Amino acid sequence: SGHPQVVIQKTRALNISYLAFNLKKAPVDKREVREALDIAVDRDALFKVLFPRGDAMQAVSAFPPAVPGYNRALKNEFDPARAKQLLAAAGHPNGFEIDLWALPISRPTNPNGQLMAQMIQADWAQIGVKARILTYEWGEYLKRANNGEHHVYMSGWSTDVMAADEFLTPNLTCAASRGGIKFCNAEFDALVEAARGEVDEAKRLALFERAQAIFKRERPWITMAHSSVYIPLRKDVQGFVMASNGSVDFENVYRP
């Protein structure tokens with residue numbers, strides 16, 4: 001920033017963008033196929049183009065690393081060769097055709113759905129998968145996705161609450177899955193349910209970590225991005241702590 005009296009504070013927002021698979025529709029109803037499509041995406045290249053200012057971080061799990069219970073053992077991979085092996089093992093040595101839905105609105109975690117779709121389309125072409133990019137007006141987009149017309153569609157989530165449950169329960173539990181279109185996994189549900197009822201903090205967070213390991217193994221999403229929130233401050237302001245939802249709390253804030 002050009003102003004000598006102003007600093008810009010930055011924090012990670014409590015949000016995520018991702019591509020959600022239709023778990024009822026072949027061929028993405030197969031775990032190996034979902035993993036192949038995920039590891040065929042070159043996130044590093046994609047982020048350079050979509051987030052040139054570096055104001056987003058790559059999402060690995062279902063929520064950002066700032067949230068307690070985040071599973072730090074999880075990793076993203078970029079491995080087109082292994083992706084091809086997975087497709088062959090799943091019975092698709094020559095790839096297949098798939099509908100890829102591009103987000104029709106701009107979001108901090110996905111500023112340009114069409115461009116993201118084109119880059120993913122190019123990555124998938126490298127493993128023999130032909131993606132047809134579709135999009136609809138926002139209301140129509142949501143309605144059709146809820147009806148399960150997609151193979152994979154761009155979506156996202158944000159919350160004001162720094163809790164794993166705020167991401168997992170509304171998006172990834174069987175209760176949130178309309179007719180099995182979204183993720184519904186008994187093992188995952190049991191862990192989330194146990195975590196919600198656990199009063200011991202360490203045990204609760206460990207349960208959430210185990211739930212995320214199942215999420216990453218099953219790959220219902222291609223995890224994409226967490227965005228940042230920026231707040232400009234005068235240099236002489238003391239004691240201000242940014243909230244990851246962008247809200248502003250002036251308790252204990254002062255200027256000497």
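The values are calculated or read from the model by the stated rules, or taken from the named source; none is laboratory data. Keep in mind it's a predicted model, so treat the numbers as computed, not measured. Note: ideal-geometry Cβ built from the backbone for every residue, glycine included; neighbour counts use all protein chains shown. Each accessible area value is taken on the protein alone, full model and side chains, heavy atoms only, with ligands, DNA and RNA left out. Shrake-Rupley method; radii C 1.70, N 1.55, O 1.52, S 1.80 Å.
Miscellaneous remarks
- From ASP38, ASP79, residue being under 14 Å from MET224 (Cβ atoms) and modelled with pLDDT of 95 or more: ASP38
- Test: residue in the stretch 219-231 that is over 28 Å from LEU86 (Cβ atoms), at pLDDT below 95 and open to solvent by 50 Å² or more (accessible area, probe 1.4 Å): yes
- The set of residues from the stretch 139-156 being outside any loop (DSSP other than H, G, I, E, B) and surrounded by 17 or more Cβ atoms within 10 Å (Cβ to Cβ) comprises TYR141, ALA145, VAL152, TYR153, MET154, SER155, GLY156.
- Enumeration of residues in the stretch 164-179 that are in a helix (DSSP H, G or I) and either more than 16 Å from HIS151 (Cα to Cα) or open to solvent by less than 20 Å² (accessible area, probe 1.4 Å) (or both): ASP165, GLU166, PHE167, LEU168, THR169, PRO170, ASN171, LEU172, CYS174, ALA175, ALA176
- Filter result (part of a helix (DSSP H, G or I) and surrounded by 14 or more Cβ atoms within 10 Å (Cβ to Cβ)) within the stretch 191-208: LEU191, VAL192, GLU193, ALA194, ALA195, ARG196, ARG204, LEU205, ALA206, LEU207, PHE208
- Residue satisfying condition, being under 25 Å from ASP55 (Cα atoms) and at pLDDT below 95, within set PHE167, PHE240: PHE240
- Against the test of being under 18 Å from MET224 (Cβ atoms) and at pLDDT 95 or above, the options GLY148, GLY113 yield a single qualifying residue, GLY113.
- Any hit, the stretch 122-132, residues being at negative phi, part of a helix (DSSP H, G or I), open to solvent by less than 60 Å² (accessible area, probe 1.4 Å) and of a type outside the set (A, V, I, L, M): yes
- Qualifying residue in the stretch 81-89 (condition: assigned to a helix (DSSP H, G or I), crowded, with 17+ Cβ neighbours inside 10 Å and in contact with a Phe, Trp or Tyr (Cβ under 7 Å, 6 or more places away or on another chain)): no
- In the stretch 94-106, residue farthest from ARG144 (Cα to Cα) [restricted to those that are open to solvent by 40 Å² or more (accessible area, probe 1.4 Å) and touching a residue at least 12 places away in the same chain (Cβ under 8 Å)]: ASN94
- Hey, ALA62 surrounded by fewer than 16 Cβ atoms within 10 Å (Cβ to Cβ) and of a type in the set (A, V, I, L, M) or not: no
- Only residues that are within 25 Å of GLU166 (Cβ to Cβ) and at pLDDT below 95 were counted in the stretch 52-62, giving 3.
- Looking across GLN121, GLN114, one residue alone is touching a Leu at 6+ places or on another chain (Cβ under 7 Å), within 28 Å of ASP44 (Cβ to Cβ) and without any contact (Cβ under 8 Å) to a residue 24 or more places away in the chain. It is GLN121.
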